[in-house]
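Please treat every number below as a calculation from the coordinates, not as lab data. Quick caveat, the model's predicted, so the values are computed rather than measured. Virtual Cβ from ideal backbone geometry, glycine too; neighbours counted across all protein chains shown.
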Amino acid sequence: MAEFIKVIDIAKKYKMGDVDFPALKGVSLAIDRGEFVAIMGPSGSGKSTFMNILGCLDVPTDGRYFLEGQEVGSLDKDDLAVIRNKKIGFVFQSFNLLARISAIENVELPLLYNGLSSKDRLQRGIAVLSAVGLKGKEYHRPNQLSGGEQQRVAIARALVNNPSIILADEPTGNLDSQTSAELMTLFKQLNKEKHITIVMVTHEADIASYADRRVCFKDGEIIKDECQ
């Protein structure tokens, strides 16, 4: 498998008044294409900062970050936005759906920047909603869907640009245990059948058990990296 993500001595400091707070302290990690990795650790351990850097939502203070062989840690905002749109799909705990538009319109949003025709956007949106088990609910608004269905819409939106990687931040945090298990089975299926690299932040051991590898953070450093 090709080395897909590589971070070398990544550090991130935030200013808190007159004090520099080190959120990450020289983290190095490599993730192969097609891996399913769970990022774990207590609140304040640096896992969310690390995910924001992987997602090109933040840049490191020091160190280097390579995605598919391209160094992205030093790119400007416009180039980072292109990478976020074309290579990365995001799934958040709070779904982040627009309440006043339908499931299909929510899913089509990332395609608006790609110059696709409305027909092509619709076809692709219908296909990914079907793939996540929501065929027939394309025109339901978020308030007409259960929490699990809303998260499936969010996953479909993450998939619609055929990303190389999905970054999921506590994707089951607002869901009951049965719905969480169904969604994690879907993630596992996407990982195995479509070979999508998935990096997921979670604090729940049972959710992390669906991943092939667990990386544990504490105080801005990796303290454990183990395969299941």
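As a summary of the residue check, LEU190 satisfies the conditions (1) on the phi > 0 side of the Ramachandran plot; (2) touching a Leu at 6+ places or on another chain (Cβ under 8 Å) except for the one numbered (1). Scanning the range 153-170 for residues that are outside any helix (DSSP H, G or I) and within 9 Å of the chain's Cα centre (by Cα), we see that the one that is surrounded by the most Cβ atoms within 10 Å (Cβ to Cβ) is ALA168. Among the residues of the range 191-212, those identified as out of contact with any strand residue (DSSP E or B) (no Cβ under 7 Å at 6 or more places or on another chain) and either among the aliphatic types (A, V, I, L, M) or outside any helix (DSSP H, G or I) (or both) are HIS195, GLU204, ALA205, ILE207, SER209, TYR210.
Put simply, of GLY115, GLY46, GLY89 the only residue that is more than 18 Å from PHE217 (Cα to Cα) and in contact with a Pro (Cβ under 9 Å, 6 or more places away or on another chain) is GLY89. Counting only strands (runs of 3 or more DSSP E) that fall entirely inside the range 1-113 and contain at least 1 residues that are among the small types (Gly, Ala, Ser) and within 25 Å of ILE155 (Cα to Cα), the qualifying elements are 19-32, 36-40, 88-92. Residues that are surrounded by fewer than 17 Cβ atoms within 10 Å (Cβ to Cβ) and among the small types (Gly, Ala, Ser) do not occur anywhere in the range 45-60. Looking across the range 114-142, the residues that are surrounded by 14 or more Cβ atoms within 10 Å (Cβ to Cβ) and not in a helix (DSSP H, G or I) come down to LEU116, VAL132, GLY133, LEU134, LYS137, GLU138, HIS140, ARG141.
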